[in-house]
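The values are calculated or read from the model by the stated rules, or taken from the named source; none is laboratory data. Keep in mind that this is a model prediction, so the values were computed, not measured. Note that each Cβ is placed from the backbone with ideal geometry, even for glycine, and that neighbours are counted across all protein chains shown. For the accessible areas, the whole protein counts, side chains as well, though only heavy atoms, and no ligand, DNA or RNA atoms are used. Shrake-Rupley method; radii C 1.70, N 1.55, O 1.52, S 1.80 Å.
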Amino acid sequence: MPLYDIDSSKSKVDLRNVSHEQLVELLEGLGYPKFRAKQLEDWVWKHHVTDFQDMTNVPAKLRADLAERCTLGGTVEVARQISNDGSRKYLLGYDDGTQAECVGMPNRNRLAVCVSTQAGCRMGCVFCATGQGGFSRSLKATEIYDQVMHVSEDFQTRASSVVMMGQGEPFNNYDEVLKALRMLNSPEGAGIGARHLTVSTCGIIPMIRRFAKEPEQFTLAVSLHSAVQSTRNTIMPGVKKYTLARLHDAMAEYVEATGRRPTYEYALIGGVNDNNLELDALCNFTRGTLAHVNLIQLNDLEGSKLKPSTAERAEQFVRRLAQVGVEATIRNSRGNDIDAACGQLSQKHRVE
């Protein structure tokens, strides 16, 4: 029984969702040699074509046969905004009507892309617009990959790094996220170095342990935001069952297994997690570990009572963490004026 029925009366096959072996079988069933598979894959993954007619080194007959039986998936740009700092936020639409946001952040001759791994999010973090907007579905690996390619094409610049810090909890979509990471890392895909591909999780402990066993050197970031259990439970209700004590142990195991330094993300919220008790707890949580703390000035959310801490308080956090041997930096927030900064992605500009 063939993997794919090549009868054109059947539903079309998305060429991006087939393996190399399946593509070879599809081609042989149509009477074409297997070497054509590599040509097609180059057009799909390296050149990101959306029309079979753009495959200039592929015979016209094969292009026509494929167009009858296959699709190239892809995305539609629903909306785009440009920040004063040069960042661009995109609302992309998929075939089933699902929409998700991504952001391109240029810096001199480099381009960082922040992608979403889900349309919406179930975690319910109170400081995050995505978490307040509900959940639609997880994204496929190709849909995550397409975000990077769309941004890259718009900037006419190869993406140099990707952070999975947009909408969604990546480790609640682990298999598709890992596929996307490998596609982005592969020389046959985007060819981005593994250490320039970062996954950010709220702290899904079983998946952190699984991630530590993957052979690639992908980078891990953990959204911590408080090292006081009661505070974290309040502002990050979706990870209540993954206690700080268990998270600390899991991260120690991660470092031991990989030798890589994880990042802890900490959004400073005025009067919530920026007092001396919170700072002491953060120092105790990270002291003696291989870790970097990324401090973020909370970005404003429409209708939220939460406000950012002061720049002076952020500097105090940096100095105090340094005293216990932990490196910390204050992230320069990008795209705040177009609701593209950390925690602001909400599909606010959705077009139905």
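Considering segment 266-289 alone, what residues qualify as being assigned to a helix (DSSP H, G or I) and either among the β-branched types (Val, Ile, Thr) or more than 20 Å from residue 331 (Cβ to Cβ) (or both)? Give the steps one after another, and end with the answer.
Residues of segment 266-289 assigned to a helix (DSSP H, G or I): 276-286.
Residues satisfying the conditions are 276, 277, 280, 281, 284, 286.
Please find, among 291, 340, the residue that is modelled with pLDDT of 65 or more and either of a type outside the set (Lys, Arg) or open to solvent by 80 Å² or more (accessible area, probe 1.4 Å) (or both). Walk me through how you get there before you give the answer.
Values: 340 fails: modelled with pLDDT of 65 or more.
Exactly one of 291, 340 is modelled with pLDDT of 65 or more and either of a type outside the set (Lys, Arg) or open to solvent by 80 Å² or more (accessible area, probe 1.4 Å) (or both), namely 291.
Residues in segment 91-147 that are more than 14 Å from residue 173 (Cα to Cα) and basic (Lys, Arg) were compared, and the one that is surrounded by the most Cβ atoms within 10 Å (Cβ to Cβ) is 110. On inspection, residue 254 fails the criterion of being open to solvent by less than 30 Å² (accessible area, probe 1.4 Å) and either closer than 21 Å to residue 330 by Cα or not aromatic (Phe, Trp, Tyr) (or both). The set of residues from segment 266-282 being modelled with pLDDT of 95 or more and surrounded by fewer than 20 Cβ atoms within 10 Å (Cβ to Cβ) comprises 275, 276, 277, 279, 280, 281. Within segment 208-218, the set of residues being within 20 Å of residue 239 (Cβ to Cβ) and under 17 Å from the mean Cα position of the chain (by Cα) comprises 208, 211.
In summary, no strands (runs of 3 or more DSSP E) completely within segment 41-139 bear 3 or more residues that are at pLDDT below 90.
Among strands (runs of 3 or more DSSP E) entirely within segment 145-224, having at least 3 residues that are out of contact with any Phe, Trp or Tyr (no Cβ under 8 Å at 6 or more places or on another chain) singles out 161-164. Here is the figure for segment 243-265: residues that are more than 23 Å from residue 298 (Cβ to Cβ) and either charged (D, E, K, R) or not in a loop (DSSP other than H, G, I, E, B) (or both) total 15.
Each row is one residue, and each column tells you yes or no for (1) polar (S, T, N, Q); (2) over 11 Å from the mean Cα position of the chain (by Cα).
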site: 118; (1), (2): yes, no
site: 134; (1), (2): no, yes
site: 138; (1), (2): yes, yes
site: 141; (1), (2): no, no
site: 150; (1), (2): no, yes
site: 158; (1), (2): no, yes
site: 164; (1), (2): no, no
site: 171; (1), (2): no, no
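So which of 286, 258, 243 is touching a Phe, Trp or Tyr at 6+ places or on another chain (Cβ under 7 Å) and not hydrophobic (A, V, I, L, M, F, W, C)? Before you say what the answer is, go through the steps one by one.
Values: 258 fails: touching a Phe, Trp or Tyr at 6+ places or on another chain (Cβ under 7 Å); 243 fails: touching a Phe, Trp or Tyr at 6+ places or on another chain (Cβ under 7 Å).
Only one candidate passes the filter, namely 286.
Open to solvent by 60 Å² or more (accessible area, probe 1.4 Å), touching a Ser or Thr at 6+ places or on another chain (Cβ under 8 Å) and either in contact (Cβ under 8 Å) with a residue 60 or more places away in the chain or farther than 18 Å from residue 322 by Cβ (or both), is that true of residue 297? So residue 297 fails the test. Residue 296 meets each of the listed conditions (1) at pLDDT 95 or above; (2) touching a Cys at 6+ places or on another chain (Cβ under 9 Å); (3) part of a strand (DSSP E or B) apart from (1).
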